[in-house]
Amino acid sequence: MSETPVQAAAVGPLGESVRSDLHVAYEPGSGPVAVRVASTVGYLYRDAIETAARRVVDAFAVTTGTLTLTDAGALEWVILARVETCLRRAGLDGPPVLPLPDPHQGAPRQRERLRRSRLYLPGNQPKLVLSAGLYEADAMILDLEDSVPPAEKDSARILVRNALVALDFGGSERIVRVNQGTLGEADLEAIAPHNVHLVLLPKVEDPETVRRVADRLRGLCGDRDAPLLMPILESPRGIFRALDIATADPLVAALTLGLEDLSAELGAPRSADGAESFLARQTVVYAARAAGIQPIASVFSDVSDEAGLAAYVRRERALGFDGIGCIHPRQIPVVHREMTPTPVEVERAIKVVRAAREAEALGLGVVSVGSKMVDPPVVKQAQRTVAAAIAAGVLAPEQEQEP
Amino acid sequence: MSALERNAAGRLVPTSVNGREMAPYRGLGGHRPTGRKAAPAVATCLDYPEDGDKRAPTLKEALAKVGLADGMVVSSHHHLRNGDLVANMVFDAAAELGVRDLMWFPSASFPVHSNQIRHLDSGVLHHIEGSMNGPLGDYCSQGRMRGLGVLRSHGGRWQAIQDGEVHVDVAVIAAPTADPFGNATGDRGPAACGLLGFALADSLYADRVIVVTDNLVPFPCIPWQIQGNNVDAVVPVPSIGDPAKIVSGTTVVTQSPDRRRIAELAARFCAAAGIMRPGFSFQAGAGGTTLAFTIYLRELMRSAGVTARFARGGSNTVMVDMLRAGEVEYILDGQTFDLDGVTSMASDPRHVNTSPFTSYNFHGKGNFASFVDIAVLGATEVDLGFNANVVTHSDGRLLHGIGGWQNCLAARCAMLLVPSFRDRIPVIVDEVTTLCGPGELVDVVVTERGIAVNPRRQDLLDAVSGSGLPIRPIADLKAELDRLCGVPSRPTLSDQPVAVVKWVDGTVLDTVWRV
């Protein structure tokens with residue numbers, strides 16, 4: 001490995017409007033190393049801030065130069081990440097410096113689980129990540145890809161890694177969206193060991209990419225603990241290989257699509273009724289169902305249009321999708337409400353499921369509800385509806401059991 | 001420097017403030033002043049023009065005419081909020097008259113009033129008894145004011161006027177509309193602000209009252225919220241305030257996910273605890289979180305088919321909409337925060353203007369505030385004993401006035417809607433920097449990380465058990481913050497008082513120290 005010369009470096013936002021974040025600058029010089037702290041919360045945390053910075057300085061065995069922290073109330077995991085990024089940018093090297101882990105384990109990794117809502121969080125904006133575990137989204141996506149500008153990829157990667165260690169994401173599935181190519185390789189290495197439940201893979205166009213990432217994850221985490229995968233199809237080419245991609249590897253648990261990128265490639269702007277993407281959306285549902293995995297719909301980008309979001313969710317659910325992407329926490333309850341079976345649907349499904357159970361107990365091959373005969377696929381759909389209602393908390397398991 | 005004494009809340013407070021003896025806080029209900037109420041000087045109509053025209057050409061001339069002199073107490077009111085031009089005119093005119101050592105007794109001050117710093121520096125003003133924030137807050141916090149600041153609630157201001165603790169020599173009332181006799185209203189005119197309730201006490205108890213208006217109408221000014229029979233002089237001016245800074249054109253709901261979550265949890269708490277029942281009442285302001293609370297509460301009221309008998313303002317567009325929809329039968333309003341509030345008050349008889357006398361006054365024969373079912377409030381800090389701070393930042397700097405905050409704590413369920421921390425600064429702390437609200441009165445603390453119910457309210461704890469709401473002991477929330485933010489060191493404050501916080505009964509609850 002060649003020696004990189006040590007140079008001046010900086011990272012993080014600076015200015016009046018910065019909150020819960022900090023700017024870190026390193027200036028090489030003759031020793032001993034100095035740590036300068038200016039902070040809006042200096043009167044409460046000056047020593048703690050310097051101690052955090054010194055932890056990274058010591059881990060990197062930095063002996064000279066000046067580290068300047070301009071802090072606006074960043075938590076320790078953010079300070080550690082920003083300092084580590086700054087020193088790496090300066091050409092220094094050392095081991096990852098992790099924050100204290102949150103004592104709560106959060107939800108376990110599960111292949112089969114509710115994925116009605118998934119909340120996107122920009123990986124380089126710690127303020128938006130702090131409370132993410134409180135919003136009760138089925139899944140939380142720490143994003144390293146499109147919401148992070150190219151120059152901040154390194155910084156976001158370390159922030160996301162530290163967030164995975166330091167924060168409790170509650171019952172939410174812990175998802176990271178990584179970049180493509182070599183950036184994505186580095187992303188996987190950094191985040192895989194930190195209890196990531198699922199990796200969201202952008203712009204997938206072929207099954208080989210999926211298999212390569214799956215192998216890499218098994219290499220990093222072992223067969224048992226490797227995160228699941230959800231490929232995102234964002235191009236016509238990807239859509240036409242949907243089934244190959246859905247079945248590329250056993251780690252693939254769900255399949256989704258990105259309508260913004262797809263629309264751009266199609267040359268057809270995203271319309272309210274989604275006519276231009278109908279084939280793509282249907283294809284994703286068909287491919288996912290054929291592969292026995294979950295079809296998950298794209299995001300709805302107008303945060304303040306709740307009625308529009310509700311209509312979008314109803315439409316996508318009617319197509320067969322199991323989940324919707326959210327870009328603001330306020331979208332989550334709307335998505336959950338619309339993805340949850342209605343009381344009428346639940347009632348009808350319970351009747352079918354009970355009739356099927358009775359028929360089985362009596363050794364009957366034919367299930368009937370009232371005067372109507374019910375086919376096995378209808379029974380299967382009814383069971384799915386009952387399971388969804390139980391999972392969403394609108395139906396108690398014992399209610400379904402009652403005769 | 002006067003002697004310090006430890007009061008019933010365990011806080012060290014001065015026993016003499018600006019030359020007046022002041023009783024230290026004696027605990028809730030521990031202070032019962034006796035005697036007779038204060039009164040203004042006897043006036044006679046012989047001294048006023050028979051034609052009812054009390055106009056003076058300028059404020060300076062009016063102040064001279066009423067005999068403004070060194071050491072007097074001059075009051076003003078915050079109906080025009082940060083758009084107010086009148087309070088600054090008063091002290092600019094006083095400076096021109098060469099008057100010194102005045103005490104300013106505003107119902108609240110805003111950043112626009114940092115103009116008064118030069119009058120404090122030059123000696124025109126001696127000190128301020130009223131809320132101080134922004135540059136004035138810093139000025140006081142740094143110990144640059146000659147006297148001690150005295151922070152009172154809106155109700156405490158009435159109490160101080162009525163029991164004679166503060167005698168107002170000259171009250172100057174900015175009036176969006178007035179007639180030459182001095183009848184005045186806030187509900188119309190270019191600088192309409194809704195109502196003039198904060199000036200009512202001053203109009204009744206001050207020796208001299210000057211009305212300043214930019215919308216003079218021929219007698220009679222109808223309605224009259226301030227009675228001309230109490231007024232000495234009327235000064236027409238080109239403008240009393242900047243309408244854009246008086247009320248907001250539109251009221252915007254917070255987009256902050258944390259604040260929305262806090263508001264939603266608080267509304268759900270009210271429903272789950274059974275407080276949101278037919279004919280209930282609530283008070284919520286126009287701050288980002290409390291406005292969102294009103295919206296969530298409204299949704300829950302609709303789905304439960306519940307209407308409220310009355311709501312207490314500051315009113316805003318959402319509350320007005322609820323009034324129009326019959327979801328709230330009456331708004332008993334203390335101030336209007338947006339244009340819809342102003343319009344509604346001027347046109348809807350069910351939207352009633354009130355003053356701190358009806359709702360907050362310790363010397364009243366009862367107060368509305370004590371039988372409002374729900375009051376939602378903010379705070380800068382809450383401690384493990386549910387004691388709360390609303391005036392200082394954790395570093396000890398004065399940030400806010402008390403407003404009606406202390407008075408609203410009397411509600412049947414007083415709820416503090418606060419983030420658990422702000423940019424690493426914990427809001428839930430071991431001990432508040434400044435005590436403004438005794439923990440006995442704070443019933444519920446709602447944060448984005450959970451709801452802490454005061455253990456004194458076992459009834460509420462029982463009512464919400466099994467509701468699925470994240471009810472947590474306050475110490476549990478604090479422990480989570482210690483882990484998330486780190487345990488803060490204690491900032492060091494000086495031992496020099498710069499201001500005192502009064503309790504609603506007039507006793508001294510705590511001291512603000514120089515930073």
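The values are calculated or read from the model by the stated rules, or taken from the named source; none is laboratory data. Every value quoted in this text rests on a predicted model; they were computed, and no experiment measured them. Note that each Cβ is placed from the backbone with ideal geometry, even for glycine, and that neighbours are counted across all protein chains shown.
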Select from the range B:475-503 the residues that are over 27 Å from the mean Cα position of the chain (by Cα) and more than 14 Å from chain A (Cβ to nearest Cβ) and list them in ascending order. B:Ala475, B:Lys478, B:Asp495
The range B:1-17 - residue that is modelled with pLDDT of 95 or more and assigned to a loop (DSSP other than H, G, I, E, B) and, of those, surrounded by the fewest Cβ atoms within 10 Å (Cβ to Cβ): B:Gly10
In this structure, is A:Val299 away from every other protein chain (no Cβ under 14 Å) and buried (at least 21 other Cβ atoms within 10 Å of the Cβ)? no
Residues of the range B:325-351 classified as of a type in the set (A, V, I, L, M, F, W, C) and in contact (Cβ under 8 Å) with a residue 60 or more places away in the chain, total: 5
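Report, by residue number, each residue of the range B:200-217 that is surrounded by fewer than 22 Cβ atoms within 10 Å (Cβ to Cβ) and under 23 Å from B:Pro243 (Cβ atoms).
As a first pass, look at the range B:200-217 and keep what is surrounded by fewer than 22 Cβ atoms within 10 Å (Cβ to Cβ): B:204, B:207, B:214-217.
If the condition is that a residue be surrounded by fewer than 22 Cβ atoms within 10 Å (Cβ to Cβ) and under 23 Å from B:Pro243 (Cβ atoms), then B:Asp214, B:Asn215, B:Leu216, B:Val217 are the ones that fit.
Only one of A:Val344, A:Val303 is under 23 Å from the mean Cα position of the chain (by Cα) and of a type in the set (A, V, I, L, M); which? Working first, answer last.
Values: A:Val344 fails: under 23 Å from the mean Cα position of the chain (by Cα).
So the residue among A:Val344, A:Val303 that is under 23 Å from the mean Cα position of the chain (by Cα) and of a type in the set (A, V, I, L, M) is A:Val303.
Output the residue which, of all residues in the range A:311-328 that are within 14 Å of chain B (Cβ to nearest Cβ) and surrounded by fewer than 24 Cβ atoms within 10 Å (Cβ to Cβ), is nearest to A:Glu136 (Cα to Cα). Walk me through it before giving the result.
Applying the first criterion (within 14 Å of chain B (Cβ to nearest Cβ)) to the range A:311-328 yields A:326-328.
So of that shortlist, the ones also surrounded by fewer than 24 Cβ atoms within 10 Å (Cβ to Cβ) come out as A:327-328.
Numbers: A:Ile327: 14, A:His328: 12 Å.
It comes out as A:His328.
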Identify the residue in the range B:297-319 that is part of a helix (DSSP H, G or I) and out of contact with any strand residue (DSSP E or B) (no Cβ under 8 Å at 6 or more places or on another chain) and, among all such residues, is surrounded by the fewest Cβ atoms within 10 Å (Cβ to Cβ). B:Ser303
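Just to be sure I understand, how many residues within the range B:59-88 are surrounded by 24 or more Cβ atoms within 10 Å (Cβ to Cβ) and either of a type outside the set (A, V, I, L, M) or within 20 Å of B:Leu120 (Cα to Cα) (or both)? Before you say what the answer is, go through the steps one by one.
The first filter runs over the range B:59-88 and keeps only residues surrounded by 24 or more Cβ atoms within 10 Å (Cβ to Cβ), leaving B:62-63, B:74-80, B:84, B:86-87.
Filter once more, so that each one left must be either of a type outside the set (A, V, I, L, M) or within 20 Å of B:Leu120 (Cα to Cα) (or both): B:63, B:74-79, B:84, B:86-87.
Final tally of qualifying residues: 10.
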Residues to consider are A:Val62, A:Val78, A:Val83; find the one that is at negative phi, of a type outside the set (Ser, Thr, Tyr) and touching an Asp or Glu at 6+ places or on another chain (Cβ under 7 Å). A:Val78
Consider A:Leu22 against the criteria (1) more than 25 Å from A:Pro101 (Cα to Cα); (2) at pLDDT 95 or above: it satisfies all of them except one. Which criterion is unmet? (1)
What number goes with the only condition from (1) assigned to a helix (DSSP H, G or I); (2) more than 26 Å from the chain's Cα centre (by Cα); (3) without any contact (Cβ under 8 Å) to a residue 60 or more places away in the chain that B:Met322 does not pass? (2)
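Out of the helices (runs of 4 or more DSSP H) lying entirely within the range A:303-395, which hold 2 or more residues that are touching a strand residue (DSSP E or B) at 6+ places or on another chain (Cβ under 7 Å)? Talk me through it step by step, then tell me what you get.
Working: elements: A:306-319, A:331-339, A:343-361, A:376-391.
In the range A:303-395, the matching helices (runs of 4 or more DSSP H) lie at A:306-319, A:331-339, A:343-361.
To keep it simple, each residue is scored yes or no on (1) in contact with a strand residue (DSSP E or B) (Cβ under 7 Å, 6 or more places away or on another chain); (2) without any contact (Cβ under 8 Å) to a residue 40 or more places away in the chain; (3) in a helix (DSSP H, G or I); (4) among the β-branched types (Val, Ile, Thr).
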residue	(1), (2), (3), (4)
B:Leu28	no, no, no, no
B:His31	no, no, no, no
B:Thr34	no, yes, no, yes
B:Ala43	no, yes, no, no
B:Gly52	no, no, no, no
B:Ala62	yes, no, yes, no
Based on what the data block shows, is A:Glu276 under 17 Å from A:Cys326 (Cα atoms) and not aliphatic (A, V, I, L, M)? no
Could you identify the single residue in B:Val166, B:Val112 that is in a loop (DSSP other than H, G, I, E, B), among the hydrophobic types (A, V, I, L, M, F, W, C) and in contact (Cβ under 8 Å) with a residue 24 or more places away in the chain? B:Val166
Criterion violated by A:Pro5 - all others in (1) touching a residue at least 12 places away in the same chain (Cβ under 8 Å); (2) farther than 24 Å from A:Gly123 by Cα; (3) within 14 Å of chain B (Cβ to nearest Cβ) satisfied: (3)
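Rundown of residues vs (1) more than 14 Å from chain A (Cβ to nearest Cβ); (2) among the aromatic types (Phe, Trp, Tyr); (3) out of contact with any Asp or Glu (no Cβ under 9 Å at 6 or more places or on another chain); (4) without any contact (Cβ under 8 Å) to a residue 24 or more places away in the chain, yes/no style:
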| residue | (1), (2), (3), (4) |
| --- | --- |
| B:Pro238 | yes, no, no, no |
| B:Lys245 | yes, no, no, no |
| B:Arg259 | no, no, no, no |
| B:Ala271 | yes, no, yes, no |
| B:Leu297 | yes, no, yes, no |
| B:Phe310 | yes, yes, no, no |
Filtered residues of the range A:61-81 (kept if surrounded by 19 or more Cβ atoms within 10 Å (Cβ to Cβ), more than 14 Å from chain B (Cβ to nearest Cβ) and not β-branched (Val, Ile, Thr)): A:Gly65, A:Leu67, A:Ala81
Residue satisfying all of: in the range A:47-60; more than 18 Å from A:Ile158 (Cα to Cα) and of a type in the set (D, E, K, R); nearest to the other protein chains (Cβ to nearest Cβ) among these: A:Asp47
Can you find, within the range A:88-126, the residue that is nearest to A:Ala53 (Cα to Cα) among those that are outside any loop (DSSP other than H, G, I, E, B) and either away from chain B (no Cβ under 14 Å) or in contact (Cβ under 8 Å) with a residue 60 or more places away in the chain (or both)? A:Arg88
Can you tell me which residue among B:Ile210, B:Ile161 is touching a helix residue (DSSP H, G or I) at 6+ places or on another chain (Cβ under 6 Å), assigned to a strand (DSSP E or B) and modelled with pLDDT of 95 or more? B:Ile210
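Per-residue answers, yes or no, for (1) surrounded by fewer than 23 Cβ atoms within 10 Å (Cβ to Cβ); (2) assigned by TED's automatic domain parsing to the domain that holds A:Gly258:
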position	(1), (2)
A:Pro103	yes, no
A:Val129	no, yes
A:Glu145	no, yes
A:Ala151	yes, yes
A:Ala156	no, yes
A:Asn162	no, yes
A:Leu167	no, yes
A:Arg174	no, yes
Exactly one of B:Gln227, B:Gln283 is outside the structural domain of B:Leu460 (by TED's automatic domain parsing) and under 27 Å from B:Phe368 (Cα atoms), and that residue is B:Gln227
Selection from the range B:273-296 of residues that are under 26 Å from the mean Cα position of the chain (by Cα), within 17 Å of B:Ala411 (Cβ to Cβ), surrounded by fewer than 24 Cβ atoms within 10 Å (Cβ to Cβ) and not hydroxyl-bearing (Ser, Thr, Tyr): B:Ile275, B:Met276, B:Phe280, B:Gly287
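Taking the residues in the range A:15-46 that are in a loop (DSSP other than H, G, I, E, B) and among the hydrophobic types (A, V, I, L, M, F, W, C) as candidates, determine which candidate is farthest from the other protein chains (Cβ to nearest Cβ). Talk me through it step by step, then tell me what you get.
Looking only at the range A:15-46, we keep the residues that are in a loop (DSSP other than H, G, I, E, B), and these are A:15-21, A:28-33, A:40-41.
Subset that is among the hydrophobic types (A, V, I, L, M, F, W, C): A:18, A:33, A:41.
On the way: A:Val18: 9, A:Val33: 23, A:Val41: 5 Å.
Checked the range A:15-46; the qualifying residue farthest from the other protein chains (Cβ to nearest Cβ) is A:Val33.
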